[in-house]
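Reading through the structure tokens given below for one structure.
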Amino acid sequence: MMPTETQIVLHKVVSVNPATGQVLREFESATEEDVSTVVARARAAQPAWNEIGVQRRISLLRNFQRLLHARKSDVARVITTEAGKPLVEALLTEVMVVLDAARFCVDNVYAFLREQPVPHGNLAMKAKTGRIERQPYGVVGIISPWNYPFSIPATETLAALAVGNTVVLKPSEFTSLAGLELASLLYAAGVPKDVFQVIVGDGVTGAALIHADIDKLTFTGSVATGKRIAQAAAARLLPVLLELGGKDPMLVLEDADVDIASSGAVWGAFVNAGQACLSIERCYVHRSLYPQFLAACVEKTKKLRIGDGLDPHTDVGPLIHERQLRNVEVHVEDALSHGARALTGGTRLSELGPNFYAPTVLSGVTQDMRVMREETFGPLLPIMSFDSDDEAIRLANDSDYGLGASVWTRDRARGEALARRIQAGTVMVNDAVSCFGISEALHGGVKASGLGRTHGHFGLEEMVRVKYVDSDLLPGVKKSWWYGYGQEFTRQMEGVIDLMFAPRLGQRLRGALRSAGVHARKGRF
Ligand code: NAD
């Protein structure tokens, strides 16, 4: 019998090829005790990792980048075999993204960690000099999903390690091999074993990591799990970064190029079989283009080649497992029962393997259907029409989610103006999904799509504690605001406040006179 995800029992997780159902490897899940041992090792290793300095860490990241480049095809094969996506997507959206994330860290982390002077604007504080220091949290826990099983944990890991944290990663139970691949590359690059560790397991192991002695958690996954994690983290005030689900809208304005926008829609909805957090999950098209746009999407969808991701001709691979497939079916059944039409697709493709679903274009959908409100995370492209920009924005924002969005138009300025009105962490004009590959661009959501940001400068900021250090330039002088309060001091302070903030010049000058002598005031004790 072919094993499936439902065979994950007690303390075992099984890595399965979703295209064939073949078992790739079985693992014992890490227990709570294992997790605390691993975290203790990470904590013990952290001071030395921080002390080797940023230059040394950068050189290890360079090694990692060199090795990943050399092993790019092997790593892509592991990802495709375990997660199902076409090999070329494993190269582009996983390997290349990580190579570039390493480049970003190598180029930026030294300057990022430099102390940053803080000039003072407050006159009363001029005799002080301040700076911001960025210090690693200590031990960062990372819990990641299966849909980008290499690029998500790797980009977060590189940022965490570069600034001096040690990392404990719990990859998805469906993609443990990709997590272990990351470990083997980092070790081969020279990163010490206790500086980066992988704990294999399911949600129980993930929950144990939250309760272990970590200093920060980066979680990527569903909203439901994210809420559970936020509650557990709140109980111990553990800082958490939450990268959660999305329901990204695509707005096609009446001046869009139908050929370009329909190709973008088909790719943005079906890349990784629709299992991307930034997938186009709902499409709104200006009524004047609706018939042509639908026809173009259907024609292009019918041409897609569905199959095993290892076949270089495959455009769309399998879904990850039966539960995901069932979710897609439920959304399609709901839409069809409420009057939508599947213009192409709408069925399983069981003849290809256990987890294949035909890329599906739905027309006649309405905003209240599940397919327009809940994250599908599968190969569906539901398309609706609108009449005005205001209506398009209202529909786009009428969602619990706010991860990404896209606007399609020949007028870039108009697209950017609408982008400002969309409630989302990222908005692309005339493309979708691909901003995940821009290392400098931040990634993250608003509303139920999460808290905090990964990638780029903001991603580095999430991996440090910021500290303000202040030095007094007159250390031999007692400060005028220290104890010894009285009527005269109160009068002088009113004068200082008037001097600094009074709206009229005369009032300021009078304030200066009243404050006279405050600089010479010494605390009584
Ligand atoms: P999931 O929430 O089921 O699992 C994610 C991870 O959390 C897994 O490693 C899992 O083992 C672990 N986990 C489960 N229960 C846990 C618990 N109680 N405590 C701690 N850890 C626990 O999500 P998934 O199915 O793996 O991934 C798909 C979801 O991830 C989608 O909703 C997708 O939109 C989202 N996602 C978001 C982003 C983003 O950047 N915003 C990126 C990729 C995926």
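The values are calculated or read from the model by the stated rules, or taken from the named source; none is laboratory data. Quick caveat: nothing in here was measured; it's all calculated off a predicted structure. A quick note on method: Cβ atoms are made from the backbone with ideal geometry, for glycine too, and the neighbour counts reach across all protein chains shown.
Things to note:
- Selection of segment 259-283 for residues being crowded, with 23+ Cβ neighbours inside 10 Å and among the aromatic types (Phe, Trp, Tyr) yields only 270.
- Condition broken by residue 381, with the remaining ones in (1) farther than 30 Å from residue 23 by Cα; (2) touching a residue at least 40 places away in the same chain (Cβ under 8 Å); (3) within 16 Å of the ligand (Cβ to nearest atom) satisfied: (3)
- Those strands (runs of 3 or more DSSP E) of segment 115-229 in which 3 or more residues are surrounded by 18 or more Cβ atoms within 10 Å (Cβ to Cβ) and touching a residue at least 12 places away in the same chain (Cβ under 8 Å) occupy 139-143, 166-170, 196-198, 216-220.
- Among the criteria (1) more than 16 Å from the ligand (Cβ to nearest atom); (2) in contact with a Gly (Cβ under 6 Å, 6 or more places away or on another chain); (3) at positive phi, the one residue 138 does not fulfil is (2).
- Residue match in segment 168-176 (condition: β-branched (Val, Ile, Thr), closer than 29 Å to residue 236 by Cα and more than 19 Å from the chain's Cα centre (by Cα)): no
- Annotation: residue 188 fulfils all but one of (1) modelled with pLDDT of 95 or more; (2) more than 9 Å from the ligand (Cβ to nearest atom); (3) out of contact with any Leu (no Cβ under 6 Å at 6 or more places or on another chain); the unmet one is (3).
- Cross-chain or 6+ apart pairs with Cβ under 9 Å, segment 397-416 first and over 14 Å from residue 372 (Cα atoms), then basic (Lys, Arg) and part of a helix (DSSP H, G or I): 403/447; 407/414
- Test: residue 316 is buried (at least 19 other Cβ atoms within 10 Å of the Cβ), within 18 Å of residue 378 (Cβ to Cβ), more than 16 Å from the ligand (Cβ to nearest atom) and touching a residue at least 24 places away in the same chain (Cβ under 8 Å): yes
- In the set (1) surrounded by 19 or more Cβ atoms within 10 Å (Cβ to Cβ); (2) of a type in the set (A, V, I, L, M, F, W, C); (3) under 17 Å from residue 428 (Cβ atoms), the condition left unmet by residue 289 is number (3).
- Residue 240 vs. criteria surrounded by fewer than 24 Cβ atoms within 10 Å (Cβ to Cβ), in contact with a strand residue (DSSP E or B) (Cβ under 6 Å, 6 or more places away or on another chain) and at pLDDT 95 or above: yes
- Those residues of segment 14-33 which are assigned to a loop (DSSP other than H, G, I, E, B) and under 19 Å from residue 354 (Cα atoms), in sequence order: 17, 18, 19, 20, 21, 22
- Of the listed requirements (1) touching a His at 6+ places or on another chain (Cβ under 9 Å); (2) buried (at least 24 other Cβ atoms within 10 Å of the Cβ), residue 99 misses just one: (2).
- Failed condition for residue 387, given (1) under 27 Å from residue 256 (Cβ atoms); (2) touching a residue at least 60 places away in the same chain (Cβ under 8 Å); (3) away from the ligand (no atom under 16 Å from the Cβ); (4) under 31 Å from the mean Cα position of the chain (by Cα): (4)
- When residue 214 is tested against (1) over 26 Å from residue 399 (Cβ atoms); (2) within 16 Å of the chain's Cα centre (by Cα), exactly one condition is not met: (2).
- Residue list for segment 191-225, restricted to those being aliphatic (A, V, I, L, M), more than 8 Å from the ligand (Cβ to nearest atom) and in contact with a strand residue (DSSP E or B) (Cβ under 7 Å, 6 or more places away or on another chain): 195, 198, 199, 200, 214, 217
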